Amino acid sequence: MNTRKICFSRIIGAMFRNVSLLASALLLSPMVAHAAAVTLAWDANTEDDLAGYKIHYGTASHSYSQSIDVGDVTEYTLEDLDDGVTYYLAATAYDDAANESGYSVELVHTTTNPNNNPAIPSVPNSSASGYTQTNYTFSTTASDPDGDALEFQYDWDDGSTSDWGASSQIHAWAAVGNFCVKAQAKDPNGALSGWSDCKSITITENTHTIDNQPPIANAGPDQTANEGAVVKLKGNNSSDPDGSIAAFLWSQISGPPVHISNSGDIEANFTSPNVVAPGETLVFELIVTDNKGLQATDSCSVYVTREAVTDSDGDGVPDDQDDFPYDMDEYLDTDDDGYGNNADTDDDNDGMPDTWELLYGLDPLKDDAAADPDGDEISNINEYNLGSEPNYNESNFAPDPPQLLNPGNDETVGLTPLLETDEFYDPNINDVHSQTQWKIIRVHDGSRVFDVTTNSSLTALKVPKLILEADTDYSWQVKFIDNQGTASQWSEAGYFTTEFLEQDSDGNGVLDHQEVATTIDLDGDGIMDRNQEDIKCVATETGDFKVGIRVREDEYADSIMSIQSETPADTDLLFSAQDGPNFLAFGLIHFKLAVKEPGDEVLVTIYLSKAAYDDGIWYKYDPVNAEWFDYSDYTSFSADRKTVELILTDGGFGDADGIANGVIVDPLALRTATDHSSGSDSFVEDIAENLDPTGMCFISSADSRPSDRQAPSLWSGIRSRELSIVFILMMFAYIGIEISLRIIRHRKIGRKTSLMEGWRKS
């Protein structure tokens, strides 16, 4: 404000209705401030009935177009005067009866138009790190108290400064190091701002040798505009064939000079100058820089005419350049949403309010939602949604928790339901979905029955066989893990109930259609297997084979809970996978084994009624990731290949439920390199006449495997029917000896009790 304090020499007294107003002595005390204003001071009148004073002023001597009643004061600041205008001022006094004196001595004052320094620019906005010999774009903003257009200069901290120019400028460093980039503003009168705060950038050696195609610059078509019109320069059709465009820079090549607004943006604008009739041509150049530093140029011409233009709303913008030709308060709609920039709180419609973008030095007229100026892999729009700062590098953010899609809450499902989630989302734009953790909990006792982390099945997973029980309530949750190893929160719990299936009518753990005949006695103990609790037998889905699993209760193993057979076709077993099986003579066998304590290791023995071919290898199947694993390092055949031992660990390798929970769920198969099922040759040699000559039988037992137990040997299958016969003969011998001893004892004491009665009572 340009303020000057001046004083009237005297308020001249005059007689009105016999009331005299006497003026006091003049005081003169100049005082300068900022803006077009003047402070007036005068000596007070001495009349007892003095009521106040009036100030009178105008732009001609003794011709006062304006009057202000200032009340009973002796100093007053007259504001809102025009710059560079000469004013003529006088004062009058008035009493309680409204009698008014004549004018005081007239004062003359000319206002001035001072120039003020621009404000300090914002911290330059750019990447926090980079490479040598690579172009990086820096941008800043600043305001001017006088509303002047500003130019900017950058100090690159490498011994060089930029030319005065646009608010966005490009620089590349030749040497490595940490550099402090600052910006300074200048108005057209040469007034300078102070330097901005530093923007730190760390430059490292560029060791990359990557072929890069240059970008394609497109400055848009030539245009025609009238004097005073706002002309838009558009580089929207520029492109880069193998990357992205990182920077735009508009400049004027020829023609009457104009000021280009937003010269560092994809769209810039200027106001057409006054030209000589009938018109003049202005030429503009666009320089585009791709993300690897290569540049390209293009130019366009604007022909400015002196033809009469229509400005319907009188806002100074011709109708043909005015987005709102009948609204004097609006002329521009940057995002074409129907709301002028003055009323629109998000001028570029990028989801970030203009006030927020200005606060952090972003461009409210440019859609920069996807940009990442601080290089923390979090886009501007994500920074806004997270409440973080777009020009501050935060640490890695966790992915969003998954949303459970299928099965729906409280839905009834089968025993192998498909679990599905929504897609992965991470605020860090370069983070990807790396792993997914799935867990299922039995509701009635809170037991975790399934807990696996997958590297493939990331948003959909089919629960393996034998994990779930029929007619049971379960809850399930999922969490996502990104490639930085950062996990999301668990999803909200979903709930489902498994169906009540009638496939196992007798509840013995074998499906009805896979039950063996009541005449099957795989362990050869003279008792049909269907009548025994310690053995479970199944008829395989592939071929006319039988599989039996037997468990002996001891310190570690508890029981075989169930057994199922599955064809390769039903499982999609991925035979083409590397190291996968070639042929499965009896398909895939699933069994569920209970151990004494979670984490126990057991030894499972499978007895073959017929010797396996020499090329037979035991394989494990991973139903979670649909992969096969050669299990031969954990198995051992006997010399006659009629017996094989397998080492299993609850929660370890081969346990499909993925957790040490006291239950081992084991899918396995015997693989052969060639198909032995066709032709005259059978899969195994026939050695047992009392068994189905066309079939194949397996008997398996599970027992403890203490920590000091030796690894299984080729002779571990020595537990065969021959040992059973020896054991029976030893029992008969023991009974015979016991009977003989009792006979002798009875004879000595003279008892008449029958021998067998005495033995029975004992």
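Listed residues Ser61, Ser143; which is under 57 Å from the mean Cα position of the chain (by Cα) and hydroxyl-bearing (Ser, Thr, Tyr)? Step through it out loud before you land on a result.
Details: Ser61 fails: under 57 Å from the mean Cα position of the chain (by Cα).
So the residue among Ser61, Ser143 that is under 57 Å from the mean Cα position of the chain (by Cα) and hydroxyl-bearing (Ser, Thr, Tyr) is Ser143.
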Across the stretch 321-352, what is the number of residues that are surrounded by 15 or more Cβ atoms within 10 Å (Cβ to Cβ), within 25 Å of the chain's Cα centre (by Cα) and in contact (Cβ under 8 Å) with a residue 24 or more places away in the chain? 2
Identify, from the list Gly220, Gly228, the residue that is touching a Cys at 6+ places or on another chain (Cβ under 9 Å), in a loop (DSSP other than H, G, I, E, B) and farther than 27 Å from Asn117 by Cβ. Gly220
Thr132: passes all of (1) farther than 30 Å from Trp42 by Cα; (2) surrounded by 18 or more Cβ atoms within 10 Å (Cβ to Cβ); (3) hydroxyl-bearing (Ser, Thr, Tyr) but (2)
Residues that are farther than 25 Å from Asn483 by Cβ and of a type in the set (A, V, I, L, M, F, W, C): does the stretch 452-466 have at least one? yes
Taking the stretch 103-153 and the residues there that are in contact with a strand residue (DSSP E or B) (Cβ under 7 Å, 6 or more places away or on another chain) and small (Gly, Ala, Ser), the one that is farthest from Gly52 (Cα to Cα) would be Gly130
Contact list please: Cβ distance under 6 Å, first residue in the stretch 642-668 and more than 12 Å from Phe591 (Cα to Cα), second residue acidic (Asp, Glu) and in a strand (DSSP E or B), pairs at least six apart or on different chains. Thr649/Glu601; Gly658/Asp451; Ile659/Asp451
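Looking for whichever is surrounded by 16 or more Cβ atoms within 10 Å (Cβ to Cβ) and at positive phi here; the options are Asp148, Asp157, Asp95, Asp144. Which one fits?
Numbers: Asp148 fails: at positive phi; Asp95 fails: at positive phi; Asp144 fails: at positive phi.
Result of the check over Asp148, Asp157, Asp95, Asp144: Asp157.
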Qualifying residue in the stretch 80-89 (condition: modelled with pLDDT under 90, surrounded by 16 or more Cβ atoms within 10 Å (Cβ to Cβ) and under 60 Å from the mean Cα position of the chain (by Cα)): yes
I'd like the full set of residues that are farther than 15 Å from Glu411 by Cα and modelled with pLDDT of 85 or more, limited to the stretch 487-513. Ala487, Ser488, Gln489, Trp490, Ser491, Glu492
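Which one of these is among the aliphatic types (A, V, I, L, M), over 17 Å from Asp374 (Cβ atoms), part of a loop (DSSP other than H, G, I, E, B) and at pLDDT below 90: Ala119, Ala149, Ala175?
On the way: Ala119 fails: at pLDDT below 90; Ala175 fails: at pLDDT below 90.
It is Ala149.
The values are calculated or read from the model by the stated rules, or taken from the named source; none is laboratory data. From a predicted model like this one, the values you see are computed outputs, not experimental measurements. Methodologically, a virtual Cβ is constructed for each residue, glycine included, from the backbone with ideal geometry; neighbour enumeration extends over all protein chains shown.
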